[in-house]
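Following: one structure in structure tokens, then a few remarks.
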Amino acid sequence: MAETLLDIAMMHSDSLIARAREGDKNAQGKLVQLWYKRIYNFSYKFFFDHDLAMEVSQKTFISMHKNLVGLQEVGRFKSWLYTIAVNYCREEVRKKKASRSFSLYDLNPGEGEESYRWEESHNRNENPERQLRHSELSDLLQSCLMELSHEQREVVIMKEYEGLKFREIAEALNISENTVKSRMYYGLDGLKKILEQKKITKETIGYEQ
Amino acid sequence: MNNKPDESTLVAYLYGELNEKETKKLEDYFQQHPDELAKLRGLSEVREVMGQAQDKEVIAPPIFVGDAGIRPLWHSNYFRVSVGIAASILFILVAGKFLGPEINYSKGELRISFGKKTEQPAPPSGLTEEKVNELISSSLAKNNESIAASRTEDQKKLMQTLVDFNSKKMDALTKTVSQASQEQVRSFVSNLQDQNLKLMKDYFQLSTADQKKYMENMLVDFSNYLQEQRKQDLQFVQAKVNSLEKNNNQFKQETEQILTSLISNPGKKKNNY
């Protein structure tokens, strides 16, 4: 994943976090702008649900705003923020289990230009067909991810898509690094079996090295 | 490296987080176990495929959190704690003003008291050790006397109770006997006599039967004995008679032989003998 300006800014946000911790509104706003996409995508990949992802993201940043003063080490901001997000994700899972509701977004999206996912394709200046193909592939892979257990899914998303170090994941989930690695191994192994079942390989998705 | 590496080591290798030494060991292991390497490559391919899932674009919505602003002084914890302590001290002072506090320190004892001091009656003075001992001994003596008196009284009561009880019992028995009629006494005595008679009769009957049986057995035994004795005597006599007969026969034969000899040799002289 190519590093964007946003990624670089996130990596060098220590002074920003320090200022936000001291109550600088501008710094807090910038932190939200910097991290919102990451937390949203983490939640989206966890739930495969836009509404839930939005809700978890908003709750995470409200909680960040309230509790940032209590953050002891600026260097641990990343794992701290993901800890909040994971806790809200787990809370939503519990609520979901209790209510057994489903989102209208999960209904059949249709195909081609009739699909509402055509409308939400992100880079407008790209080839629309290619965008749709990517969107469908993302959804297909996302559905594979949803077949993992919560514990394995958390670790796989944090490592593969959010680029956290094993140490940071261990801090965020409050477990040992070995447990994180073990969950990662079994998560990847599980995904391998799921991909085999669905006959998804590098060749079938037209992957270009 | 013969020992199979655990999952965490394999994952660390997959993400290039093993140090040089561990990497070398693992690669040696993979040379011996190519199937494990193939499995790990499979996981690496999974990573590549899953990496195709793209991020969703999202615009951060404005998040409004209640503006806390600068917290007034009276909202800070320090202010609240300080005011709490000051209020407590003020309360104690006001209470002290109305109740009249008194703080004493004497003989290593600190006393903080409120209100008027209550007067305690002074203990009677002039009590010496001897007086106390005397009082204790007189008290003990009184106590012993009272215990002894109560004990004697209790014993008397107990004896009286026993005597009363026994006399009552005897009276009741005598009364019962005196109430019995002449006829009842006679019937009781006649019953007693009948029972004795019956008992004696049974005893004699039983005894006579036993004696009779014994005598019969004895007579039978005696007759058997006589029979046996007679038989033996007869056998003895028979034996004797047989012996006599035998001797007689022998004498007879000898006599016949002598006679035969005398008859067959009539001319022989007497000197040839």
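The values are calculated or read from the model by the stated rules, or taken from the named source; none is laboratory data. Predicted model, so just to flag it, every value in this text is computed and none were measured. As a convention, Cβ positions derive from the backbone with ideal geometry for all residues, glycine included, and neighbour counts pool all protein chains shown.
Conditions (1) surrounded by fewer than 21 Cβ atoms within 10 Å (Cβ to Cβ); (2) modelled with pLDDT of 90 or more; (3) closer than 20 Å to residue B:56 by Cα; (4) not acidic (Asp, Glu), marked per residue:
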residue: A:126; (1), (2), (3), (4): yes, no, yes, no
residue: A:140; (1), (2), (3), (4): yes, no, yes, yes
residue: A:154; (1), (2), (3), (4): no, yes, yes, no
residue: A:181; (1), (2), (3), (4): no, yes, no, yes
residue: A:184; (1), (2), (3), (4): no, yes, no, yes
residue: A:195; (1), (2), (3), (4): no, yes, no, yes
task = Say whether the condition of being under 20 Å from residue A:135 (Cα atoms) and modelled with pLDDT of 90 or more is met by at least one residue in region A:23-38.
result = yes
query = For residue A:207, are the conditions met, namely being in contact with an Asp or Glu (Cβ under 8 Å, 6 or more places away or on another chain), at the interface with chain B (Cβ under 9 Å from one of its Cβ atoms), modelled with pLDDT of 90 or more and within 16 Å of residue B:46 (Cβ to Cβ)?
reply = no
ask   = How many of the residues in region A:61-89 are among the aliphatic types (A, V, I, L, M) and surrounded by fewer than 22 Cβ atoms within 10 Å (Cβ to Cβ)?
value = 6
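For (1) in a loop (DSSP other than H, G, I, E, B); (2) farther than 18 Å from residue A:87 by Cα; (3) more than 9 Å from every other protein chain (Cβ to nearest Cβ), each residue gets a yes or a no:
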position	(1), (2), (3)
A:158	no, no, yes
A:169	no, no, yes
A:191	no, yes, no
A:195	no, yes, no
A:200	yes, yes, no
A:203	yes, yes, yes
